[in-house]
Amino acid sequence: MTQKQRWTIDQIPDQTGRVFVVTGASSGLGLATTRALVRRGGHVILAVRDVGKGDRTVAEITDQQPGAGLEVRHLDLADLDSVRSFADQVRADHPRLDVLVNNAGVMAPPRSLSAQGHELQFAVNHLGHFALTGLLLDLLAVGRDPRVVTVSSLRHRNGRLRFDDLAGGRGYSPMAFYDQSKFANAVFGRELHRRLAEAGSPVRSVLAHPGYTATSLQTSGPVGLWRVVFGSIGNPLLAQAPDRGALPQLYAATEPTVEGGQFIGPDGPAELRGGPTRVRLSAGAADEGTGRRLWEVSEQLTDVRFAFPTPA
């Protein structure tokens, strides 16, 4: 895309009748995504940890856009029991879903463990979304132009999977384990595409990253020097606003020409900002052996098995 041809939210097709789940929908990229989708007629299920904040978000949006299709559901991605409960509630009220946007995340906190004993960043950013996708896949399979959009990061290119120490018990670095979780997002999105295509499923798995976008992610999680680097210095100098950072995931979720397995990011220098375009996935994230191994480990850690259709 050239500068003059950059895609904007005004190019999102009419989304009337489509049902979206957006994780982390009450702030940052998730909020920007939600606003854009309901503006074009979509119905958005806000999957949020803080229901009160989600309710306030709905009130703010409906003040500006009366009649917007919004509902709030509790989801704590750090607790697999909460993930199952959320999926059960959605299933009870919706016969189908059209798009799942795996957007929520945490970044570089001090080491802590999830309810099931997994390292928090790996639990929230990857395992929770892996389980959620598997539990909702049958609803997506009967959706209209169904998609799973998994939000990774530029930093996935720095990441690797420590299969012998995923919980960081033998050595933990906040940013290294953030990079691991974003690498896992990229590996999962590509492996999901491979399995969906092999099964002949109508669901498309698409990856996206927001470039460098100013959100609470950089200021609420990191501590010490990393908070200074990202929050006090990086955000004011380099970061773009969430409305701009959300464009790649909105493009991945709504653009008719997007294909499964593609990775969408900003088209500007170093992919830090700009309009959405197809970008490069790291060779490590595209490796099928790594994808299979992460899939098997994720099944074991979440006790979720995906029900893919039998190929025709």
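The values are calculated or read from the model by the stated rules, or taken from the named source; none is laboratory data. None of these values were measured; they are calculated from a predicted model. Every residue, glycine among them, receives a Cβ derived from its backbone with ideal geometry; neighbour counts consider all protein chains shown.
Worth a mention:
- Total residues in segment 91-108 satisfying the condition of being outside any loop (DSSP other than H, G, I, E, B) and within 18 Å of the chain's Cα centre (by Cα): the figure is 4.
- The residues in segment 73-116 that are in contact with a Lys or Arg (Cβ under 9 Å, 6 or more places away or on another chain) and β-branched (Val, Ile, Thr) can be counted, and the count is 3.
- Residue list for segment 109-161, filter: among the basic types (Lys, Arg) and either surrounded by fewer than 20 Cβ atoms within 10 Å (Cβ to Cβ) or part of a loop (DSSP other than H, G, I, E, B) (or both): Arg111, Arg144, Arg155, Arg157, Arg160
- Leu97, sole failed condition from (1) in contact with a Gly (Cβ under 6 Å, 6 or more places away or on another chain); (2) at pLDDT below 95: (2)
- Within the option set Arg84, Arg18, being more than 26 Å from Leu120 (Cβ to Cβ) and among the charged types (D, E, K, R) holds for one residue only, Arg18.
- Cβ-Cβ under 6 Å pairs, at least 6 apart or on other chains, segment 32-55 side more than 25 Å from Asp10 (Cα to Cα), far side in a helix (DSSP H, G or I): Val48/Gly54
- Taking the criterion of being over 19 Å from Gly134 (Cβ atoms), surrounded by fewer than 20 Cβ atoms within 10 Å (Cβ to Cβ) and of a type in the set (A, V, I, L, M, F, W, C), the residues of segment 250-307 that qualify are Ala270, Leu272, Val279, Ala283, Ala286.
Table: residues versus (1) at pLDDT 95 or above; (2) under 16 Å from Asn185 (Cβ atoms); (3) not hydrophobic (A, V, I, L, M, F, W, C).
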{"site": "Ala239", "(1), (2), (3)": "no, no, no"}
{"site": "Glu255", "(1), (2), (3)": "yes, no, yes"}
{"site": "Glu259", "(1), (2), (3)": "yes, no, yes"}
{"site": "Phe263", "(1), (2), (3)": "yes, yes, no"}
{"site": "Ala270", "(1), (2), (3)": "no, no, no"}
{"site": "Gly274", "(1), (2), (3)": "no, no, yes"}
{"site": "Thr277", "(1), (2), (3)": "yes, no, yes"}
{"site": "Arg293", "(1), (2), (3)": "yes, yes, yes"}
{"site": "Ala307", "(1), (2), (3)": "no, no, no"}
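- Among the residues of segment 108-123, at least one is farther than 22 Å from Leu281 by Cβ and among the acidic types (Asp, Glu).
- Scanning segment 173-188 for residues that are crowded, with 24+ Cβ neighbours inside 10 Å and not aromatic (Phe, Trp, Tyr) gives Gln180, Ser181, Lys182, Ala184, Asn185, Ala186, Val187.
- Cβ separations smaller than 9 Å between residues 6+ apart or across chains give the following pairs from segment 130-144 residues that are charged (D, E, K, R) to residues that are modelled with pLDDT of 95 or more and outside any loop (DSSP other than H, G, I, E, B): Asp138/Arg91; Arg144/Val19.
- Within segment 52-75, being in a loop (DSSP other than H, G, I, E, B), in contact with a helix residue (DSSP H, G or I) (Cβ under 6 Å, 6 or more places away or on another chain) and surrounded by fewer than 20 Cβ atoms within 10 Å (Cβ to Cβ) holds for one residue alone: Ala68.
- Flag if Ala78 is under 29 Å from Leu166 (Cβ atoms), surrounded by 14 or more Cβ atoms within 10 Å (Cβ to Cβ) and among the small types (Gly, Ala, Ser): yes
- Residues in segment 3-51 that are over 22 Å from Arg96 (Cα atoms), among the polar types (S, T, N, Q) and surrounded by 24 or more Cβ atoms within 10 Å (Cβ to Cβ): Ser26 only.
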